[in-house]
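One structure is given below, encoded as structure tokens.
Just so you know, all these numbers are worked out from the coordinates, no wet-lab data involved. Since the model is a prediction, treat every value here as computed from it, not as a measurement. Neighbour counts run over all protein chains shown; Cβ positions are idealised from the backbone, glycine included.
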Amino acid sequence: AQSVTQPDIHITVSEGASLELRCNYSYGATPYLFWYVQSPGQGLQLLLKYFSGDTLVQGIKGFEAEFKRSQSSFNLRKPSVHWSDAAEYFCAVGGSGNTGKLIFGQGTTLQVKP
Amino acid sequence: DARVTQTPRHKVTEMGQEVTMRCQPILGHNTVFWYRQTMMQGLELLAYFRNRAPLDDSGMPKDRFSAEMPDATLATLKIQPSEPRDSAVYFCASGSGPLGQYFGPGTRLTVT
């Protein structure tokens, strides 16, 4: 079955500290992988995506993610977190088919301590 | 900067009333998705269209919800009659093929 698991429902980090949000997926074909961020009262914004090629992808707002096929993971990282990064983060997986349908994880809420 | 737009942004209505939410996808995108987000259920896919044709609406309560795309620039989601349990944020997203979805700001619906 196709699924996305974000093991951490809630994470708290101090401002300036590094961040890693975990994402594991189960998908029968070559996965297309995405990370989205949702600030309170806002829609989901696309942070970055992976289709093929270099397994380390760069996104907006200083985020990056690494695709590890052997671990079925696509973890999101940021070297130094800012207070404005407090939000909910969603990992999603889709396939190369033209529908563009995505399967989303349950989300990880990031709290940033001053 | 192309964006998905949704109207209204907020809607408060009484139980039993009809609610219509509208979405303008990004020009050139051929796929439109409707989602519902609640604290309890998280993000749920209700329906989606490709080239204005419905591909899947299995996520929608069929008896009260309907989704249409009258033209390529407008998608609508209707609830008739509305119930308190329909209170949620409804998102529209558009995309082109498998390259990702772009979300609108949402319609926050409250049914009293």
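Can you give the Rg/Rh ratio of the stretch B:24-112, where Rg is from the C-alpha atoms and Rh is the Kirkwood radius?
Working: Rg = 12.6 Å, Rh = 13.3 Å.
Radius of gyration over Kirkwood radius for the stretch B:24-112 works out to 0.95.
Remark: B:Asp86, A:Asp54, B:Asp57 ranked as A:Asp54, B:Asp57, B:Asp86, counting other beta-carbon atoms within 10 Å and listing the fewest first.
Counting only other chain Cβ atoms within 10 Å of each residue's Cβ, the peptide B:43-53 averages 2.
In terms of overall dimensions, the C-alpha atoms belonging to the protein assembly as shown reach 49, 40, 36 Å along their principal axes, ordered largest to smallest.
I need the semi-axes of the equivalent ellipsoid of the stretch A:1-75: take the C-alpha gyration tensor, multiply each eigenvalue by 5, square-root it, list largest first in whole angstrom.
Values: eigenvalues 91, 42, 37 Å².
Ellipsoid half-lengths, sorted descending, are 21, 14, 14 Å.
Taking other Cβ atoms within 10 Å as a rough exposure proxy, B:Val12, A:Val112, B:Val4 sort from fewest to most as B:Val12, A:Val112, B:Val4.
Provide the net charge surrounding B:Val32, with neighbours chosen by a C-beta distance below 9 Å and charges set as Lys +1, Arg +1, Asp -1, Glu -1.
Working: positive: B:Arg50, B:Arg52; negative: none.
That sum, taken over residues with Cβ under 9 Å, equals +2.
Using the Cβ-Cβ distance between B:Leu55 and A:Glu66 with R0 = 35 Å, the FRET efficiency computed as 1/(1 + (r/R0)^6) comes to roughly 0.65.
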